1. Can you find a residue that is in a helix (DSSP H, G or I), among the acidic types (D, E) and touching a residue at least 12 places away in the same chain (Cβ under 8 Å) anywhere in region 265-283?
2. Let me spell it out: the conditions are (1) without any contact (Cβ under 8 Å) to a residue 60 or more places away in the chain; (2) over 30 Å from V36 (Cβ atoms); (3) part of a helix (DSSP H, G or I), and L259 meets all of them except one. Which number is the exception?
3. Name the residue that is nearest to V330 (Cα to Cα), counting only residues in region 48-102 that are polar (S, T, N, Q) and either assigned to a loop (DSSP other than H, G, I, E, B) or at pLDDT below 90 (or both).
4. Test V160 against the criterion of being closer than 16 Å to R71 by Cα and at pLDDT 90 or above, and give yes or no.
5. Any idea which residue in region 271-294 is nearest to the chain's Cα centre (by Cα), counting only those that are of a type in the set (G, A, S) and loosely packed, with under 15 Cβ neighbours inside 10 Å?
6. Has region 179-201 got any residue that is aromatic (F, W, Y), closer than 27 Å to N99 by Cβ and at pLDDT 85 or above?
7. Select from region 166-180 the residues that are closer than 12 Å to F204 by Cβ and in contact (Cβ under 8 Å) with a residue 12 or more places away in the chain and write down the one among them that is surrounded by the fewest Cβ atoms within 10 Å (Cβ to Cβ).
8. Could you tell me whether any residue of region 195-206 is under 30 Å from G112 (Cβ atoms), of a type in the set (S, T, Y) and in contact (Cβ under 8 Å) with a residue 40 or more places away in the chain?
Amino acid sequence: MSILNSTTAVPNISNLLPTTSALNQSCSPEDEFLSVPFAVFYSVLFLFGLVGNLLALWVFLFLHSRRNSVRVFLINVALADLVLVACLPFRVLYHALGNHWPLGPHMCKLVGNLFYMNMYVSITLLGLISLDRYLKTQWVQGGRGSCGRRWLRSSRWSVVSCGVLWAISLMAVVPMITLAEGNEEQGKCFQYKPRTEARSKAYFNLFLVGIFWLVFVVLLVTYGRIACNLLKASRDRPDLPNAMRYARTAKKSFVVLFLFTVCFVPYHSFRGVYVRSQLSDPPCEVRRFVDRINEVMLLFSALNSCLDPVMYFLLSGSVRKATIQTVSHVFCARTDTTVTTGSSTTEFHKTSQSSTYALATPRGSVGLIPSLHLKTSLEVVPCAQRPGLCDYEG
């Protein structure tokens, strides 16, 4: 009888074990001392990204007169970067409040998934731009079929590609926003989440990592081939008027690869380790370390939204000329009208008209060579016959 009483007096061991939510609360991976630096960095990225992408979108829509596929891609890149930048104030709010989220779980899922969706849309569009340039230099120059030539020379294929990309992205992100994962924490957002009970989301994140590396390989191959062809043309025929421009454009192609590598490669190199830790049950210190590295790498990915407008300005001669011309007209028009008189005023208008005409002509920055009045041929003015090199310098 005493044995039975002692047996019934033993408490249930399962009631003494901590639950999963209790373990998550006792081991918070987030470092509160990093909340202020994160809030400052995201605020800076928001300001520069907002101004830069609004200016780039304004140039592409109202100033950049050339209608081609690359222009369509760049407009969509600027839109994706703007949506990503619009998500940054919510991260600033979260870190400024000491890693506390006051807007509810649905708003957290909306902001977080839109951030990642537009990051990968921007990555894919940059890959499509490089593929577009490479195909034009290879197929159009080789004359492989009039149908393919017309399709590539027009902007229809870029419009269709962007439409399909946005549609697929929205279809993928809507279930992520509407469906519950079961690992949400009250007052938390953008935090480390174990996914032992939500493995599908972890596998989808690994799928996105695979897409990034595919785009990265496409960038390496296409820009590498384009740069090699330009350097070879510049080295074989140094007497051509645009030989030096070919060499400079080839070198600038590696600027795109450098920016892409700096912003995205560190994050996606570590992403596999991060997702693997979410699928297992690592110790608390490992969680903190993985989460800290992931958040720092994510800052570099968000930095790309600020560097894209700088890349447009530095590498595209037509965008650079349109921006500088507009800014100079806005700030210097009144001074120029009071100073210039008579023939000088007439000369100024002629120069302005000629520059506007040069911007509207179907030439890119690669084709702006001094010998425009020479006899047009493939060797003297190759840009006129090479639309893949005229669309986007860099």
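1. Kept after step one, since they are in a helix (DSSP H, G or I), are these residues of region 265-283: 265-279.
Checking which are among the acidic types (D, E) leaves us with none.
No: region 265-283 contains no residue that is in a helix (DSSP H, G or I), among the acidic types (D, E) and touching a residue at least 12 places away in the same chain (Cβ under 8 Å).
2. Every listed condition holds for L259 apart from (2).
3. Of all residues in region 48-102, those polar (S, T, N, Q) come to 53, 65, 68-69, 76, 99.
Still in the running and either assigned to a loop (DSSP other than H, G, I, E, B) or at pLDDT below 90 (or both): 65, 68-69, 99.
Details: S65: 19, N68: 27, S69: 29, N99: 43 Å.
Residue satisfying both the conditions and the ranking: S65.
4. Details: closer than 16 Å to R71 by Cα: yes; at pLDDT 90 or above: yes.
Against the criterion (closer than 16 Å to R71 by Cα and at pLDDT 90 or above), V160 qualifies.
5. Applying the first criterion (of a type in the set (G, A, S)) to region 271-294 yields 272, 277, 280.
If we keep only those that are loosely packed, with under 15 Cβ neighbours inside 10 Å as well, we get 272, 280.
Details: G272: 20, S280: 31 Å.
The residue in question is G272.
6. Yes, that holds for at least one residue.
7. Among them, the one singled out is A172.
8. Of region 195-206, the ones under 30 Å from G112 (Cβ atoms) are 195-206.
Going one step further and asking which of them are of a type in the set (S, T, Y), we end up with 196, 200, 203.
Subset that is in contact (Cβ under 8 Å) with a residue 40 or more places away in the chain: 196.
The answer is yes, given that some residue of region 195-206 is under 30 Å from G112 (Cβ atoms), of a type in the set (S, T, Y) and in contact (Cβ under 8 Å) with a residue 40 or more places away in the chain.
The values are calculated or read from the model by the stated rules, or taken from the named source; none is laboratory data. Given the structure is predicted, the values throughout are model-derived calculations rather than measurements. Every residue, glycine as well, gets a Cβ built from its backbone with ideal geometry; the counts of neighbours run over all protein chains shown.
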